[in-house]
Amino acid sequence: RYSQWLEIHGLHIFSILYSALSILTCVVIVCLMLATVAELPPFGHEKNPANNEVIRRYVEHGGHETGAQNIVAGLILDYRAFDTFGESAVLFTAAVSVLMILGASRRNKIKKTPPMKSETMGQNFLQRGPPLLDEPILRGVATLSIPAILMMGCVVVINGHLSPGGGFSGGAILSTALILAANAYGFGRVHEFFNERTFIISSSTALMIYALSKGYSFFTGANHLHSIIPKGTIGDILSGGLILPLNICVGLIVAGTLYAFYALFSEGDL
């Protein structure tokens, strides 16, 4: 009787408990956040977190300590470099998770469908995703725009420690070149030089270089050891210590991840 009752009413009871616990969890989190906000000092108060010695140190000594002319780049890639590393790791993990989920779904679908001839499979590969627009204007504009977009993205990444920009914004610009190429020439053409294997190798290598570089930097700094990484002269392209290579690593991760999400949700493959 219990098993029969559970089969009939179990799913309904579980859905009610799940909804109730979800609402209770949200209410508790909101109450904790409101209580935290209520304890904060008012805007403009001398004890406000925005008015402390940390921010003054960033502004007054950031250029000398990091070697970067852009204070924001010195903040996110030197003082809080591991925070930025976590953000990049989250992007890469999210993309790889989607790859695994869609890959498993695709493999199950392939098992259920009858085998196709090689010619049909090749045509299906090129026709996946949104239909390719056979527009000479689109391809002409893409031919002229893609080199300029790539150059602009590289400039934004490389000059991130000198001017507004950096790995996140430059990587977003670089990803638009890949997306434009996919729309103009088809995903098959992009797959010839950027596919799932390329994305995983480039992103994992960039994350590893980032982790090792900042691990060395924080280790030497915490133990008051001399670092062999020169900071250079503020304002020069080869300055900022590790900020320039870290910007390049972040740019590779962001560019690959954004294009990966576009390709995955457009055609179900990368």
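The values are calculated or read from the model by the stated rules, or taken from the named source; none is laboratory data. A quick note: this is a predicted structure, and the numbers were derived from the prediction, not measured. When we count neighbours, we look across all protein chains shown, and the Cβ atoms used for this are built from the backbone with ideal geometry, even at glycine. Heavy atoms of the whole protein, side chains included, go into the accessibility calculation; ligands, DNA and RNA do not. Shrake-Rupley method; radii C 1.70, N 1.55, O 1.52, S 1.80 Å.
Between I16 and V54, the FRET efficiency from the beta-carbon distance, with R0 = 51 Å, is close to 0.60.
Multiply the residue gap between T25 and V141 by 0.36 nm, knock off their C-alpha separation, and tell me the result in nm, one decimal place.
Working: separation 116, 0.36 × 116 = 41.76 nm, distance 5.12 nm.
Taking T25 through V141 to full extension adds about 36.6 nm, to one decimal.
Can you send over the carbon and sulfur percentage of the accessible area for the range 11-93, probe radius 1.4 Å, protein chains only?
Values: 4420 of 6170 Å².
Ligands and nucleic acids excluded, carbon and sulfur reach 72 percent.
First check a/c for the range 140-270, with a ≥ b ≥ c the square roots of the eigenvalues of its C-alpha gyration tensor; if it is under 1.5, answer rounded, and if not, answer prolate when a/b is larger than b/c or oblate otherwise.
Details: a/c = 3.63, a/b = 1.80, b/c = 2.01.
In terms of gyration-tensor shape, oblate.
Using the Cβ of K231 as centre and a radius below 14 Å, the other residues enclosed give a net charge of -3, where K and R count +1 and D and E count -1.
Solvent-accessible surface (1.4 Å probe) assigned to S266 amounts to roughly 40 Å².
Keeping all protein chains in place, calculate the accessible area per residue for the range 1-68 (probe 1.4 angstrom), answer in Å².
Details: 6070 Å² over 68 residues.
Heavy-atom SASA per residue in the range 1-68 reads 89 Å².
Are there GluC sites (Glu not before Pro) in the range 1-69 that DSSP marks as loop and that have at most 13 other Cβ atoms within 10 Å, and which are they? Answer by residue number: E39, E46.
Of the trypsin sites (Lys or Arg not before Pro) found in the range 17-102, those in coil by DSSP whose Cβ has at most 13 other Cβ atoms within 10 Å are K47, R80. Loop-located chymotrypsin sites (Phe, Trp or Tyr not before Pro) in the range 18-60 (DSSP state not H, G, I, E or B) with no more than 15 neighbouring Cβ atoms inside 10 Å: F43. Relative to the current alpha-carbon distance between H226 and F265, full extension at 0.36 nm per residue lengthens the span by 9.3 nm.
Taking every pair of Cα atoms in the range 1-97, average 1/r, invert it to obtain the Kirkwood radius, and report Rg/Rh to two decimals.
Numbers: Rg = 24.1 Å, Rh = 18.8 Å.
My calculation of the ratio gives 1.29.
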